[in-house]
Structure formats: structure tokens, C-alpha cells
Amino acid sequence: MPENSIPKEAAFQIINDELMLDGNPRLNLASFVTTWMEPECDKLIMASINKNYVDMDEYPVTTELQIVGSINLVLCFHK
């Protein structure tokens, strides 16, 4: 670890610039899935991003939602 740090804005910009090198998924014509979500999905993700999903005892509702979501996904492909 360096003794001195850089400003958080500079760290963000460096990481953001590196991630941009991966390309824009919306422009990926080889992709067969959409990379756009409804804004409400973004809000739900941001509201729950700090949860430890591995700790199923601590977050039982999240675990139940994960199970229901997985079942619904499977049903989409096996009707």
C-alpha cells in the first residue's frame, strides 16, 4: 500500500476509464440478451447492494426472492 493516497475522484476516473475499455454492451451486436433494465431495477439493486447474499440466515427474504427468481427463470426455458 502506498503511504499517500490519491483523491477519490481521481481513483474513480481511473477505474471508470479502465472499465470503458471493455466496450459498450448496448453496442454488442453478438449479444443475444438485452443489457438495458427498467430504472426500478437499478433502484432495487442500489438499495440492496450492501447485503451479504451468502449469509442466508441474516437475509431470509432476500434468499426467498432469489429462490423464486431462479424458479421463474427456469420456467422461462422449460415450459
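I'd like to check something: does the range 53-61 contain any residue that is modelled with pLDDT of 85 or more, of a type outside the set (S, T, N, Q), under 18 Å from the mean Cα position of the chain (by Cα) and not in a loop (DSSP other than H, G, I, E, B)?
Taking every residue of the range 53-61 in turn, none turns out to be modelled with pLDDT of 85 or more, of a type outside the set (S, T, N, Q), under 18 Å from the mean Cα position of the chain (by Cα) and not in a loop (DSSP other than H, G, I, E, B).
I need a count of the residues in the range 44-65 that are surrounded by 11 or more Cβ atoms within 10 Å (Cβ to Cβ) and among the aliphatic types (A, V, I, L, M).
Number satisfying all stated conditions: 3.
For the structure I just gave you, tell me whether T35 is surrounded by 10 or more Cβ atoms within 10 Å (Cβ to Cβ), modelled with pLDDT of 85 or more, under 18 Å from the mean Cα position of the chain (by Cα) and hydroxyl-bearing (S, T, Y).
When the stated conditions are applied, T35 does not pass them.
The values are calculated or read from the model by the stated rules, or taken from the named source; none is laboratory data. Since the structure is predicted, the reported quantities are computational estimates derived from the model, not experimental observations. Here the Cβ is made from the backbone with ideal geometry for all residues, glycine too, and neighbour counts use every protein chain on show.
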